[in-house]
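Here's the structure we're looking at; comments come further down.
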Amino acid sequence: MPGTFATLYIFAFDLDDRDQAVQAFAPRVAASKAAAIEEARHLEGRHAGVVVWRREGDPVVGEEGEPEVVFSVGRVGDFA
């Protein structure tokens, strides 16, 4: 759809003292799907889980679509 764009985000999760997945850092924006998955694979050995997701948006009307998981590994918590 004209005027829309998609943004890719990377989240990593660590386990807290109750064994729950919590965000390890603020979401990172990736330049492309390939770059996001490459970074996620790099992070997966250091965190309990990693997820890459994308969301389409239309800045003209201020709307954002539902998140779509592109890549996920390990234990992940809330991210959208």
Practice item. Answer yes or no as to whether residue 19 is at positive phi, in a loop (DSSP other than H, G, I, E, B) and either surrounded by fewer than 14 Cβ atoms within 10 Å (Cβ to Cβ) or over 10 Å from the mean Cα position of the chain (by Cα) (or both). Key: yes
Review point. Only one residue in 52, 69 is without any contact (Cβ under 8 Å) to a residue 40 or more places away in the chain, surrounded by 11 or more Cβ atoms within 10 Å (Cβ to Cβ) and part of a strand (DSSP E or B). Which one?
Key: 69
**Study point:** Check on residue 78, outside any strand (DSSP E or B), modelled with pLDDT under 95 and surrounded by fewer than 16 Cβ atoms within 10 Å (Cβ to Cβ)
**Key:** yes
Check your understanding: When you look at residue 12, is it of a type in the set (A, V, I, L, M, F, W, C), farther than 18 Å from residue 76 by Cα and surrounded by 14 or more Cβ atoms within 10 Å (Cβ to Cβ), yes or no?
Key -> no
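Listed here are the residues, each with its yes/no results for (1) in contact with an Asp or Glu (Cβ under 6 Å, 6 or more places away or on another chain); (2) among the polar types (S, T, N, Q); (3) within 15 Å of residue 69 (Cα to Cα); (4) touching a residue at least 12 places away in the same chain (Cβ under 8 Å).
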| site | (1), (2), (3), (4) |
| --- | --- |
| 7 | no, yes, yes, yes |
| 23 | no, yes, no, yes |
| 26 | no, no, no, no |
| 32 | no, yes, yes, yes |
| 46 | no, no, no, yes |
Check your understanding: Has region 26-35 got at least one residue that is modelled with pLDDT under 95, surrounded by 14 or more Cβ atoms within 10 Å (Cβ to Cβ), part of a loop (DSSP other than H, G, I, E, B) and of a type outside the set (D, E, K, R)?
Key -> yes
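The values are calculated or read from the model by the stated rules, or taken from the named source; none is laboratory data. A quick note: this is a predicted structure, and the numbers were derived from the prediction, not measured. Cβ sites come from the backbone with ideal geometry, for glycine too, and all protein chains shown count toward neighbours.
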